[in-house]
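The structure under discussion appears below in the form of structure tokens.
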């Protein structure tokens, strides 16, 4: 299951997220989103967990918890919608 994690402190690393989710089960991937020009974190990312029951437990256990002074938002990621401007060739 792909899990959205938002309102993250800007100094959070992939390792920090992996450690945060590890008590709930095996984390298969972590993807923090950063600005492509500055490299600065955008304050959100995604965690992939293969076991859905472990992922559900992580969502319930971590949503709205404090991480370095910020209450993080954790929920199942929604599928990415296609942008109307992408993929078109004129």
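Cβ-Cβ distance below 9 Å, separation of 6 or more or different chains: which pairs start in the stretch 38-52 with a residue that is at negative phi and in a helix (DSSP H, G or I) and end on one that is buried (at least 16 other Cβ atoms within 10 Å of the Cβ) and modelled with pLDDT of 95 or more?
Listed by first residue and then by second, the contacts come to 52/1.
Might you let me know whether the stretch 78-89 holds any residue that is surrounded by 11 or more Cβ atoms within 10 Å (Cβ to Cβ) and out of contact with any helix residue (DSSP H, G or I) (no Cβ under 7 Å at 6 or more places or on another chain)?
no
Filter the stretch 19-37 down to the residues that are in contact with a strand residue (DSSP E or B) (Cβ under 9 Å, 6 or more places away or on another chain) and free of Cβ contacts under 8 Å to residues at least 24 places away in the same chain and list them by number.
27, 28, 29, 30, 31, 33, 34, 35
Restricting to the stretch 15-38, give me the number of residues that are at pLDDT below 95 and within 13 Å of the chain's Cα centre (by Cα).
Summing the residues that are at pLDDT below 95 and within 13 Å of the chain's Cα centre (by Cα) in the stretch 15-38 gives 1.
The values are calculated or read from the model by the stated rules, or taken from the named source; none is laboratory data. If you're wondering where the values come from, they're calculated on a predicted model, not measured in any experiment. Backbone-built Cβ (ideal geometry, glycine too); neighbour counts: all protein chains shown.
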